[in-house]
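Report on one structure; see the data block that follows.
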Amino acid sequence: MSIETIPDIVRHVYVHIPFCARICPYCAFYKDLLDRSQTDRFCEALVAELRMRAQDRHVVPSTIYFGGGTPTALTTAQLERVLGGFRETLDLAQLIEWTTEANPGSVSAGKATLLKNLGVTRISLGVQSWDEDLLRLLGRDHSPAHIRESFEILRRAGFGNINVDLMFGLPGQTLAQWRDTLEKTIALNPEHISAYCLTYEEDTDFFVRHARGEFRSDNDSDAEFFEMTMSILQDAGYSHYEISNYARPNFESAHNRAYWSGEDYLGIGPSAFSTLGQERTQNVCDYRGYADRVFRGESAIASREGLTSQMKRAERIALTLRTREGISADLVQDRQSQVREFLAMGLLQRRNGNFALTAKGKSLADSVAEALL
């Protein structure tokens, strides 16, 4: 298998900060409990890896995304060191969006002001629910009061682009609870809302409890939650531009759009993925081992995968079908019978030369995508 030349310029950067004050039982991302004795060393390793990778590739980002974990679990001084290191290393002349994830209660006025002053333009706030019982079930350490306080802190710091993350389909969750969460979120007037259906991921406590029969999946119930979400958020003026994402005009996530459209991106930090040309890599999933490698001058990459054109086509179909624009007709030329069937069933519609999901089709997006691969 031939590997295409890796592009010289990288436009999108993802940074993984794995630390959490508590481990949420549903989260499958690489994370670890916050250890203050390790975080200074880790922050130095992040900047050092970026400098190593920037020597091999010209990194001129239009988007940067700090995810986790909880990036704001770092101290103000540590955030200043990391963000300052990125500013010194990268050419930010073309940067249009810099997102940092945050948890309610982990955002102080000092941190918010620092993030704003160092160039962060967008905050993604991990709210998940406004119901105290459901927050306890999810292992979250914030309250509804923390949500309001953190949001107000961010606004006072000057952030005019805030996303709120929410989850539905939770064990025991009612439609009334979900409606209340949506309405309280809308009352904050964030520019962007992400609403995800809970999935039971391997290597999580929720997966084990699901396997034991304590929690049960209910596709019909999930569809009701999803339909309520679409109705309420669109009536409130949010455009449904991707299955799980809603935005005010001009506030769609540029970083996520780049990912969904299959653009290359560089991953920094433990467990971070990179896709460059026809190669996908993943860094070692251990922050101590990650730092050891970086400080020895070694690559943090633990695995490599060559991507065939067919693999990239399948990913493109699966991801772009979830977006408002839909998939290019060229991608499904060999699936014309399936396309005609979905058009007749009212699951797909023609839109500007593409095939896009209808409101009915959005509830069955995974099944439609699987049939078109």
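The values are calculated or read from the model by the stated rules, or taken from the named source; none is laboratory data. Note that the coordinates shown come from a computational prediction; the quantities given were computed from them, not determined experimentally. Ideal geometry is used to build each Cβ from the backbone, glycine not excepted, and the neighbour counts take in all protein chains shown.
Worth pointing out:
- Within segment 230-272, the residues that satisfy the criterion of being closer than 30 Å to Met52 by Cβ and among the hydroxyl-bearing types (Ser, Thr, Tyr) are Ser253, Tyr259, Ser261, Tyr265, Ser271.
- Total residues in segment 121-139, condition assigned to a loop (DSSP other than H, G, I, E, B), surrounded by fewer than 23 Cβ atoms within 10 Å (Cβ to Cβ) and touching a strand residue (DSSP E or B) at 6+ places or on another chain (Cβ under 8 Å): 2
- Matching residues in segment 245-301 - criterion: being of a type in the set (D, E, K, R) and either under 26 Å from Ile9 (Cβ atoms) or not assigned by TED's automatic domain parsing to the domain that holds Gly160 (or both): Glu252, Arg257, Glu263, Asp264, Glu279, Arg280, Asp286, Arg288, Asp292, Arg293, Arg296, Glu298
- Counted residues, segment 51-86 - those being within 21 Å of the chain's Cα centre (by Cα) and of a type in the set (Lys, Arg): 0
- Residues that are among the charged types (D, E, K, R), touching a residue at least 24 places away in the same chain (Cβ under 8 Å) and surrounded by fewer than 19 Cβ atoms within 10 Å (Cβ to Cβ), drawn from segment 140-156: Asp141, Arg148, Glu149, Arg156
- Out of Leu115, Leu83, Leu79, Leu50, one residue alone is modelled with pLDDT of 95 or more, closer than 30 Å to Phe168 by Cβ and assigned to a helix (DSSP H, G or I). It is Leu115.
- Residue match in segment 216-226 (condition: modelled with pLDDT of 95 or more, surrounded by 14 or more Cβ atoms within 10 Å (Cβ to Cβ) and under 20 Å from the mean Cα position of the chain (by Cα)): yes
- Sole exception among (1) more than 26 Å from Val47 (Cα to Cα); (2) outside any loop (DSSP other than H, G, I, E, B); (3) out of contact with any Lys or Arg (no Cβ under 8 Å at 6 or more places or on another chain); (4) among the hydrophobic types (A, V, I, L, M, F, W, C) for Phe251, by number: (2)
- Among (1) on the phi < 0 side of the Ramachandran plot; (2) in contact with a strand residue (DSSP E or B) (Cβ under 9 Å, 6 or more places away or on another chain) - the single one Ala28 does not satisfy: (2)
- Top-ranked residue of segment 252-266 - restricted to ones that are small (Gly, Ala, Ser) and in contact with a helix residue (DSSP H, G or I) (Cβ under 7 Å, 6 or more places away or on another chain), ranked as farthest from Asn161 (Cα to Cα): Gly262
- Residue among Tyr259, Tyr241 that is aromatic (Phe, Trp, Tyr), in contact (Cβ under 8 Å) with a residue 60 or more places away in the chain and assigned to a strand (DSSP E or B): Tyr241
- Residue selected from segment 89-120 under the condition among the aliphatic types (A, V, I, L, M) and in contact with a Leu (Cβ under 9 Å, 6 or more places away or on another chain), by the criterion surrounded by the most Cβ atoms within 10 Å (Cβ to Cβ): Leu115
- Test: residue in segment 311-322 that is touching an Asp or Glu at 6+ places or on another chain (Cβ under 6 Å) and within 25 Å of Thr229 (Cα to Cα): yes
- Enumeration of residues in segment 161-188 that are hydroxyl-bearing (Ser, Thr, Tyr) and either surrounded by 19 or more Cβ atoms within 10 Å (Cβ to Cβ) or part of a strand (DSSP E or B) (or both): Thr181, Thr185
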